Amino acid sequence: MLWEEFNKSDAVENIIRILKEYKKRITIMEVCGTHTMAIAKFGIKSILPKNIRLISGPGCPVCVTPVEIIDEIIKLSKIKDVIITTYGDMIKVPGSNSDESLERRKAEGADIRVVYSPMDALEIAKKNSDKEIVFIGIGFETTAPNSAVAVETAINEEIKNFSLFSIHKRVEPVLRHIINMDNFEVNGFLCPGNVAVIIGEEGFEFLVKEYKIPSVICGFEAGDIIYSIYRLSEMIKNNTPFLENEYIRAVKKKGNEKAKAAIDNYFEFCDDLWRGIGFIKNSGYKLKNEYSDFDATKKFSIELKTCDYTGLCRCGDVIKGKIEPFECEFFSRICTPENPLGPCMVSSEGACASEYKYSRMR
């Protein structure tokens, strides 16, 4: 389906009219944090009928990073001659000590630099041969290939003062985990188009083949999202679960073979801890042993924890779809972008951040 057609207001209005004829209560989970932000930005919830409920899922990589990892990154920033390089979203996330974050460490004089890609971190490494440069590799299958290429480049160019702290995660294991949780009440999934660009339609087929849950691979324009919700509602209403690809302008059946090969060449699966969700088997990516010279966890003897500590933060309940951000007792009162309790309030893809920003504008 061409998104241009469904970006037209009259087409959208027609879909909303059809959706309002539904009587059944429907719960749809948008897996991706970018979808969460787009839904809030375009005010999509406000034009849907009340019986169609959209809830956020575990697709914001910053939001699912456990506080124990944040603590370890903050520890790294305290080591002499270490430069931390990271995407901007990680800067404001507090550690278990709410007075500590990378932003505050930077204000205290630590060398922490925001980069747009791991290749930027490699350039910093080339210009600072007397320092150790650690790149915080965060994200799902979407960003893991870039980290793999950075390691490959470091090997080929013998850049030995560069290492990767891989906190990359896999989308399939966490979806399986959520589906198998008690009181799972999701009727359909809006699947992340950006992840599907890499893993292809095939990467989400298990949702229908094994669990019979209607699922749509969705782009990020308002028309993409509204049409995908319409398709999900039709499948749910008629009890005809399929996996549909409504992002055909970017997603292929088998995804990006070159990117998948890059991941396979440098990473292997590992059991991983998710904030508010717990330990999930084979849900993370770690560098293979033969690349341990570029693995920050080994270079700096980082011991990864297996127990999740969340404190007051209820990000875990938000990303499992248990509560809406505004249902958290701390939302916009104690927890704000200036004083966050957790990552959902400061990530650019965070459900709490989107609710805080856009609900206050409406």
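The values are calculated or read from the model by the stated rules, or taken from the named source; none is laboratory data. Bear in mind the structure is a predicted one, so any value in this text is a computation, not a measurement. With ideal geometry, Cβ positions are generated from the backbone for all residues, glycine too; neighbour counts draw on all protein chains shown. Side chains included, ligands, DNA and RNA excluded: accessible areas come from the protein's heavy atoms. Shrake-Rupley method; radii C 1.70, N 1.55, O 1.52, S 1.80 Å.
Below is a table of values for the structure above.
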{"quantity": "Cα gyration tensor shape for the range 186-242, rounded if a/c is under 1.5, else prolate or oblate", "calculated": "oblate"}
{"quantity": "Karplus 3J(HN,Hα) series, Hz, for the range 234-246 with 6.51 cos²θ - 1.76 cosθ + 1.60 (x for Gly, Pro)", "calculated": "4, 5, 5, 4, 8, 6, 10, x, 9, 9, 10, 9, 9"}
{"quantity": "Dipole moment magnitude, nearest 20 debye, the chain about Cα centre, only Lys, Arg, Asp, Glu C-beta charged", "calculated": "880"}
{"quantity": "Folded to 0 to 90 degrees: helix 118-127 orientation relative to the chain principal axis, Cα", "calculated": "20"}
{"quantity": "Helical contribution to [θ] at 222 nm, DSSP H n ≥ 4, -39,500 (n - 2.57), averaged over the chain, rounded to 500", "calculated": "-10000 deg cm²/dmol"}
{"quantity": "Amide H contacts under 5 Å for residue 137, placed H, 5+ residues apart", "calculated": "165, 166, 167"}
{"quantity": "Rel. contact order, % - alpha carbon contacts under 8 angstrom, at least six apart, the range 229-335", "calculated": "18"}
{"quantity": "Residue-wise HN-Hα coupling along the range 145-151, computed from phi with Karplus coefficients 6.51, -1.76, 1.60 (Hz; x: Gly, Pro)", "calculated": "x, 4, 5, 4, 5, 4, 5"}
{"quantity": "Residue-by-residue Karplus 3J(HN,Hα) for the range 10-27, coefficients 6.51, -1.76, 1.60, Hz, glycine and proline x", "calculated": "5, 5, 4, 4, 5, 5, 4, 4, 5, 4, 6, 7, 5, 10, 6, 6, 10, 10"}
{"quantity": "Whole-angstrom gap from the range 327-349 to the range 16-73, using each part's C-alpha centre", "calculated": "16"}
{"quantity": "For the range 122-186 and the range 256-272, distance of Cα centres in Å", "calculated": "10"}
{"quantity": "Rounded to the nearest 10 Å², the accessible area of residue 31 at probe 1.4 Å", "calculated": "0"}
{"quantity": "Distant-in-sequence amide H partners of residue 245 (H built 1.01 Å from N, under 5 Å)", "calculated": "217"}
{"quantity": "Cα gyration tensor category, rounded, prolate or oblate, for the range 212-353 with a/c compared to 1.5", "calculated": "oblate"}
